[in-house]
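Below: the structure, in structure tokens.
Only the coordinates and a few stated rules stand behind these numbers; no lab work does. From a predicted model like this one, the values you see are computed outputs, not experimental measurements. Note: ideal-geometry Cβ built from the backbone for every residue, glycine included; neighbour counts use all protein chains shown.
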Amino acid sequence: MADPSSYRPKPGDIPDSPGVYRFRDEHRRVIYVGKAKSLRQRLANYFQDLAGLHPRTRTMVTTAASVEWTVVSTEVEALQLEYSWIKEFDPRFNVKYRDDKSYPYLAVTMNEEFPRVQVMRGHKKKGVRYFGPYGHAWAIRDTVNLLLRVFPVRTCSAGVFKNAARTGRPCLLGYIGKCSAPCVGRISAEDHRDLAEEFCDFMAGRTGAYLRRLEQRMTQAAEEMEYERAARLRDDIGALKKAMEKNAVVLADATDADLIAVAEDELEAAVQIFHVRGGRVRGQRGWVTDKVEEVTTGALVEHALQQLYGEESGDAVPKEVLVPALPDPVEPVQQWLTERRGSAVSLRIPQRGDKKALMETVQRNAQQALALHKTKRASDLTTRSRALEEIAEALDLDSAPLRIECYDISHLQGDDVVASMVVFEDGLQRKSEYRRFQIKGFEGQDDVRSMHEVITRRFRRYLAEKEKTGEWAENGQDAGGEILAPDGSPLAGPGLGEGALTEDDGRPKRFAYPPQLVVVDGGQPQVAAAQRALDELGIDDIAVCGLAKRLEEVWLPGDDDPVVLPRTSEGLYLLQRIRDEAHRFAITYQRTKRAKRFRAGPLDEVPGLGETRKRALIKHFGSVKKLRSATIDQIREVPGIGLKTAETIAAALAQAAPAAPAVNTATGEIMEDEQDTAYGKTPDAAGAPVATGVPDE
């Protein structure tokens with residue numbers, strides 16, 4: 001626990017102007033981001049007598065080891081910078097809204113030649129019109145099913161569309177009149193786009209004028225005694241009205257607004273949002289957050305607005321936002337919303353009438369969401385706490401292991417040997433801190449030696465960060481693990497450790513945070529190797545255990561007999577989950593490496609030749625075989641290939657033996673060059689080419 005006076009800046013050093021400040025802990029990790037109209041006045045509030053601070057604020061300032069700030073010109077800039085840093089650094093003491101689901105949207109891909117109506121989740125894409133979010137995907141499909149009768153817009157995937165265009169036959173929806181079948185030319189691209197625009201207008205709430213036009217056309221058809229057309233129009237009107245009934249009118253003046261309500265107690269807060277378009281509720285969503293800082297309702301509303309509109313622009317930000325309490329001050333937030341929309345946005349508290357009544361409904365939803373969350377959370381917290389306590393008791397630990405790291409080795413008969421490191425904090429996955437390793441110290445199959453190497457590399461980095469001595473390896477490279485994003489994608493290449501990040505980068509992507517418990521997948525030999533690695537590094541405050549798959553026994557260093565936890569133990573179940581996650585993560589990486597190795601070709605051995613130029617070479621010559629027989633001058637004709645590169649390519653291809661031929665298993669045809677597929681040429685549609693031998697490395 002740090003003394004705030006040890007890092008308190010002198011009052012004269014802090015500017016009396018708007019800005020954003022960051023508190024960092026002893027590991028240089030950003031733990032809190034805040035903004036202020038006056039940095040001097042705001043920061044002074046944190047360095048008063050600890051007894052006078054709110055308990056959560058007191059915890060934050062005693063966890064911190066330094067504070068820094070950035071001056072900006074206006075409060076609006078401070079709001080924008082605060083939002084950006086919270087998204088980037090994910091500070092543990094800031095309000096972070098948790099959402100237990102990914103809400104589905106009704107999306108119209110206006111960025112395609114033939115727009116498609118579909119259900120979409122996740123990040124919004126440019127050029128796509130979104131409506132929602134909806135509570136359930138089936139609600140979107142029910143609405144679309146009704147509207148396709150009137151707006152027969154394409155709903156099929158790209159593969160189905162191309163296949164229909166190739167065969168000249170539309171899908172079932174084209175035959176029953178729920179698709180205008182642009183795939184077979186029944187409607188032009190321009191007319192189909194107009195149809196999609198009408199669909200979007202109707203979903204956006206502009207329904208009255210369209211219904212009146214349909215009624216006029218129905219009446220005219222009846223007067224002209226075209227009764228079949230009139231009957232179709234009558235059914236179309238009925239379908240549209242049925243779709244509209246699914247969203248009852250809540251505001252009679254066709255208002256476009258978002259209503260935000262907050263339910264809170266001392267520890268947590270729930271936020272509910274109703275999206276009203278054209279006077280009808282078009283979507284609903286909600287979040288829950290821990291109140292890890294002293295925060296008012298107005299501040300919770302401000303954070304909710306940042307979360308809701310931080311990535312939005314244009315019509316996605318409504319003209320009116322109704323809230324239970326206004327941020328203090330309100331002017332910068334309102335100006336920020338106006339800039340994101342591009343026109344004036346009204347941010348206010350409803351006082352009377354239909355809007356106040358609807359706000360009360362949203363408030364009731366927020367209260368129910370908070371009560372439901374507390375019911376679930378209590379069960380989850382109880383279970384996780386019991387599991388950690390059981391582990392601590394079984395392993396004779398001083399306290400519950402709040403951070404657990406698990407390691408697993410994976411290979412295929414000694415080839416492509418890799419390792420994984422997964423992290424669980426408070427019994428939950430911390431995917432942003434997963435790491436994966438390539439075993440480089442030796443070749444062949446030796447799980448014990450591999451485990452020793454991985455533990456050594458991981459904790460050598462921890463010591464380097466802890467002791468603050470020396471620099472990282474040149475260009476940020478050493479034998480550390482590969483850094484992964486939360487979705488599993490690499491943030492650095494193989495062998496790039498967290499040293500590639502700067503000293504002042506507060507994002508938690510380093511090996512700087514020690515666990516209380518290291519779990520290895522294996523028995524006595526693996527546990528002994530891990531403990532030996534820690535002993536060699538002089539680390540004696542981290543516990544080690546192993547979980548053997550055969551009988552699910554827990555092994556401790558130096559013990560001849562395992563610790564046997566009951567099969568019903570929550571602690572054993574948590575260890576199994578952690579072990580299984582490490583195994584999944586390791587084997588996924590191992591399979592990726594193996595697949596990449598089998599796809600490798602002679603061009604991969606040419607230094608400095610990237611994927612773009614490889615594809616350009618194959619496109620120009622047609623195959624590696626023809627490229628191998630080309631002269632240097634002919635190779636230089638490819639755009640981007642100079643004399644030196646052409647000589648290097650020719651030399652590499654001359655040294656590499658040609659790979660064994662590939663065979664199409666469906667036809668028995670010998671493919672001209674297996675490497676063509678690896679660099680972008682598509683095999684015959686009848687079947688994929690299969691190599692009869694291993695390609696050259």
Plugging the Kirkwood radius over Cα pairs into Stokes-Einstein for the range 36-91, at a temperature of 25 °C and a viscosity of 0.890 mPa s, what D comes out in µm²/s?
191
Rounded to the nearest angstrom and ordered from largest down, what semi-axes does the equivalent ellipsoid of the range 259-398 get from its C-alpha gyration tensor (root of 5λ)?
36, 17, 13
Rounded, prolate or oblate (a/c below 1.5 giving rounded, otherwise prolate when a/b exceeds b/c) for the range 129-201 by Cα gyration tensor:
prolate
According to the square roots a ≥ b ≥ c of the eigenvalues of the Cα gyration tensor, what is the shape class of the range 31-124, taking rounded for a/c under 1.5, prolate for a/b larger than b/c otherwise, and oblate for the remainder?
prolate
Residue-by-residue Karplus 3J(HN,Hα) for the range 363-374, coefficients 6.51, -1.76, 1.60, Hz, glycine and proline x:
5, 5, 4, 5, 5, 5, 5, 5, 5, 5, 4, 5
Which whole-angstrom value gives the distance between the alpha carbon centres of the range 511-575 and the range 25-95?
38
Summed residue charge, Cβ within 12 Å of ILE349's Cβ, Lys/Arg positive, Asp/Glu negative
+3
In sequence order, what are the phi-derived ³J(HN,Hα) couplings for the range 521-526 according to the Karplus relation 6.51 cos²θ - 1.76 cosθ + 1.60 with θ = phi - 60°, rounded to whole Hz, with x for glycine and proline?
7, x, x, 3, x, 5
How many lysine pairs in the range 285-431, separated by 8 or more positions in sequence or lying on different chains, have Cα atoms less than 24 Å apart?
6
